[in-house]
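Notes follow once the structure below has been shown.
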Amino acid sequence: MTPHTGAELAELLRRPASGLLSTETVVDLLIGHEAWLAREDFVCRYVEVETDSFHAGGRLVAFVRWRVAAGAVKAGRLAYMGSEAAMLRIAAGIAAAITVDRREALGGLDASSLGLVLKALARDNGRSAEVVVR
């Protein structure tokens with residue numbers, strides 16, 4: 001059992017991402033989708049929580065092991081429902097330069113998830129976007 005709530009993990013993930021555009025983008029995409037951080041199997045295996053050695057006071061930070069998590073989904077070692085796999089693959093693609101089949105990843109997304117992805121892609125390219133998908 002993970003000792004952190006989804007909101008706590010979101011904050012811990014944002015700490016080391018601050019100021020790193022691609023990392024901020026994928027962390028916000030993961031948080032915005034609201035699925036993976038609520039899953040104990042994902043958090044326990046693929047999210048590392050550790051003490052930040054660069055800041056005094058020993059604050060905690062968290063990192064996602066993107067390549068390993070995406071590989072687990074692809075190999076069937078990490079079960080998923082609906083858009084969960086697509087969102088994880090897209091985030092891993094941005095974070096770790098993993099090739100993503102766009103048709104496979106984007107084809108099954110609902111409007112809300114597609115909006116999150118489009119906004120993330122714009123942000124990763126240094127732009128802001130207000131996205132409305134109907």
Exercise. Which entry in (i) 293; (ii) 111; (iii) 184 matches volume of the Cα convex hull per residue in Å³ derived from the coordinates of this structure?
Worked result: (ii)
Seminar exercise, completed: Contour minus Cα-Cα span, Thr5 to Ala111, at 0.36 nm per residue, comes to 35.5 nm
Problem set entry | DSSP-loop GluC sites (Glu not before Pro) across the stretch 1-108, with at most 14 other Cβ within 10 angstrom | Glu34
Problem set entry | the chain - mean residue ellipticity at 222 nm from DSSP helices (-39,500 (n - 2.57) per run, n ≥ 4, rounded to 500) | -17000 deg cm²/dmol
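Kyte-Doolittle cut-off 0.5, length cut-off 15 Å along the helix's own axis using Cα: show which whole DSSP H helices in the chain pass.
Helix filter hits for the chain: 21-33, 84-96, 111-124.
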Exercise. Listing His33, His4 from the residue with the fewest other Cβ atoms within 10 Å to the one with the most, what is the order?
Worked result: His4, His33
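The numbers here are math on the coordinates, done by the rules we state, and not lab data. All of these numbers come straight from a predicted model, not from anything done at the bench. For neighbour counting, all protein chains shown are included, and Cβ atoms are generated from backbone atoms with ideal geometry for every residue, glycine included.
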